[in-house]
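*Asks:* Have a look at this one before I ask anything.
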Amino acid sequence: MISRTLVIIGGGSAGMAAAIKAYDLGVKDILILEKGRVLGGILNQCIHNGFGLQEFQEELTGPEFLARYAAMTQERNIEVWFEHTVLNINANKEITVSSPQGLVIIKAQAIIFTVGCYERSAGAIKLPGDRPKGVITAGQAQYYQNILGQKVGKQVFVLGSGDIGLIMARRLTLEGAKVLGVAEIMPYSNGLNRNIVQCLEDYEIPLYLSHTVTKVIGKERLEKIEISKVDANYQPILGTEKIYEVDTLVLSVGLIPNLEIFNNPKFVTSSTRGLLVDNHFASEIPGIFSAGNCLHVHDLVDFVVKEARIAATNAYHYLQNQNEVSLQEFAVLKAKEMGYLIPEYIRIHQSDTAVTFQFRVRFPILKARIKLLNAKNEVLFQVVRLYLIPSEMVSLEVKAALFLQNSEPLHYEVEVLE
Ligand SMILES: Cc1cc2nc3c(=O)[nH]c(=O)nc-3n(C[C@H](O)[C@H](O)[C@H](O)COP(=O)(O)OP(=O)(O)OC[C@H]3O[C@@H](n4cnc5c(N)ncnc54)[C@H](O)[C@@H]3O)c2cc1C
């Protein structure tokens with residue numbers, strides 16, 4: 001069996017940032033296992049700009065951002081095994097890997113899990129109708145267009161108005177396709193306002209809010225789709241059906257943390273379907289850490305690399321046997337207005353100055369008071385935040401000193417003010 005001090009699973013931005021930080025702290029025996037042939041993960045296909053404003057104070061494209069991180073990884077001679085897909089990890093930190101040479105087992109002293117996320121497919125959203133060619137996810141469309149240089153279709157409709165759907169509507173338009181519209185089941189877009197303006201309005205692509213695809217029609221190739229308006233319960237309203245003749249339907253209907261390797265529900269949180277971690281990005285299995293999109297889906301790569309560095313620092317402490325004793329441990333429950341909360345379990349160490357919570361709201365809120373309460377319903381921390389939208393992650397920093405007297409579960413409440 002091969003042994004390594006630190007194994008990082010996934011060589012995207014989170015994996016590279018974690019490897020660089022661990023190396024700089026003094027962990028030299030690091031191995032990155034990457035199932036693809038290049039570093040960078042999803043960044044390879046994100047050729048638009050908007051990456052690295054916080055990290056490099058510059059607006060880079062995805063490939064430019066990843067090139068800087070890949071160079072930093074290579075400068076340190078950090079070992080990367082490409083075309084190595086991790087199939088399983090057990091609690092002893094034995095990693096089963098499918099490689100071009102066959103199955104390999106690697107024993108790690110510590111693991112940082114950074115495998116990104118995957119896209120919801122037609123099957124996952126129970127898209128009604130036929131299953132012809134031409135129904136693809138936004139990530140697949142991005143891969144065909146931006147990596148392989150292949151056109152995906154001539155007459156296109158997009159389902160889902162998150163940022164990836166909006167960016168792909170513009171991208172396919174620029175490549176000569178006619179994008180007939182973007183349908184969104186919610187009464188609001190899940191994308192950033194700047195993307196609605198720059199990707200749809202600038203190209204006169206209509207956005208149909210409270211609409212969904214109610215039928216896919218086509219034998220071999222997609223021929224038509226039917227879209228309908230939906231009611232407040234997201235049910236199609238009879239009589240509102242419209243038919244569009246399209247050869248391609250691009251699905252941008254959500255990303256889910258990739259956790260196939262950890263199919264043990266004991267270690268997984270139901271709110272993100274990612275690994276359950278504490279405020280040090282440590283999982284419930286000692287020595288296994290996680291960061292990036294496999295933990296929760298990020299809108300900005302800057303937050304991904306920041307999180308990965310924290311995970312790497314704590315992996316380093318673990319490897320040095322410098323794990324601090326927890327002064328307090330307790331769970332934190334999310335408010336019903338929050339889609340998820342990271343972390344849901346807190347361990348306060350002597351060296352902690354603050355605990356950072358991250359969440360997304362379920363629906364847009366103009367003005368809210370966010371409160372963290374103890375079991376007696378006493379408010380420990382509160383803050384007013386404006387313009388909360390599901391597409392943007394919210395980050396709250398709470399002083400660790402506030403928790404020194406607490407050992408009971410805490411809970412969040414969101415008071416909607418406007
Ligand atoms: C379309 C799109 C547009 C975006 N636009 C912006 C933007 O404008 N600005 C911005 O700042 N951020 C943007 N982001 C967000 C940000 O870039 C990503 O959230 C971030 O790059 C994710 O990094 P990651 O390392 O967590 O995941 P990934 O980049 O997905 O990396 C995961 C890696 O793990 C590998 N892997 C997966 N499974 C295994 C396995 N079993 N074994 C071995 N390896 C495995 C994958 O091959 C991949 O290389 C965008 C994201 C997307 C998807």
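The numbers here are math on the coordinates, done by the rules we state, and not lab data. Just so it is clear, the structure is predicted and the values come from calculations on it, not from any experiment. When we count neighbours, we look across all protein chains shown, and the Cβ atoms used for this are built from the backbone with ideal geometry, even at glycine.
*Asks:* Run down the lysines and flag those whose C-alpha is under 17 Å from the C-alpha of residue 306, throwing out any fewer than 8 positions away in its chain.
*Replies:* Answer for residue 306, where 17 Å is the Cα cut-off: 21, listed by chain and number.
*Asks:* So what is the relative contact order of segment 43-150, in percent, for Cα pairs below 8 Å that sit 6 or more residues apart?
*Replies:* This gives 18 percent for segment 43-150.
*Asks:* Further, regarding this structure: Could you grab the relative contact order for segment 327-418? Cα pairs under 8 Å, six or more apart, rounded to a whole percent.
*Replies:* Computed value for segment 327-418: 39 percent relative contact order.
*Asks:* For segment 121-253, just say rounded, prolate or oblate: build the C-alpha gyration tensor, square-root its eigenvalues into a ≥ b ≥ c, call rounded for a/c under 1.5, and beyond that prolate if a/b exceeds b/c, oblate if not.
*Replies:* Oblate, since a/c reaches 1.5 and b/c is not below a/b.
*Asks:* OK, next. Please report 273, 347 as a ranked list, fewest other C-beta atoms within 10 angstrom at the top and most at the bottom.
*Replies:* Fewest to most other Cβ atoms nearby, the residues stand as 273, 347.
*Asks:* Still on this model: How about segment 79-168: which trypsin sites (Lys or Arg not before Pro) there are in a DSSP loop, with at most 10 other Cβ atoms within 10 Å of their Cβ?
*Replies:* Loop-located and lightly packed - 126.
*Asks:* Hey, another quick one. For 16, 1, what ranking results if the residue with the fewest other Cβ atoms within 10 Å of its Cβ goes first?
*Replies:* Neighbour counts put them in this order, fewest first: 1, 16.
*Asks:* Out of all DSSP beta bridges in the chain, what portion is antiparallel? Express it as a percent rounded to 5.
*Replies:* DSSP beta bridges in the chain are roughly 60 percent antiparallel.
*Asks:* List 163, 299 from most exposed to least, where exposure is judged by having the fewest other Cβ atoms within 10 Å.
*Replies:* 299, 163
*Asks:* Then there's this: Is segment 189-250 rounded, prolate or oblate when judged by the Cα gyration tensor, a ≥ b ≥ c being the square roots of its eigenvalues, rounded requiring a/c under 1.5 and prolate requiring a/b larger than b/c?
*Replies:* Here segment 189-250 falls in the oblate category.
*Asks:* Take each of the peptides 210-217, 53-60, 250-257, average the number of other beta-carbon atoms within 10 Å over its residues, and list them starting from the highest.
*Replies:* The packing order, highest mean first, is 250-257, 210-217, 53-60.
*Asks:* Now for a separate question. Could you name the lysines in cross-link range of residue 229, using Cα to Cα under 20 Å and dropping any fewer than eight places away on the same chain?
*Replies:* Here the lysines satisfying the reach criterion relative to residue 229 are 126, 215, 242.
*Asks:* Ok, one more. Pick from 102, 160, 274 the residue whose mean-square fluctuation is largest in a GNM of the chain, springs joining Cα atoms under 10 Å.
*Replies:* With Cα springs under 10 Å in the chain, the top fluctuation among 102, 160, 274 is at 102.
*Asks:* Based on alpha-carbon centroids, what's the gap between segment 176-241 and segment 103-119 in Å, whole number please?
*Replies:* Cα centres, segment 176-241 to segment 103-119: 37 Å.
*Asks:* Please state, rounded to one decimal and in Å, the Kirkwood hydrodynamic radius that the chain gives when every pair of distinct Cα atoms enters the mean of 1/r.
*Replies:* Roughly 22.8 Å, rounded to one decimal.
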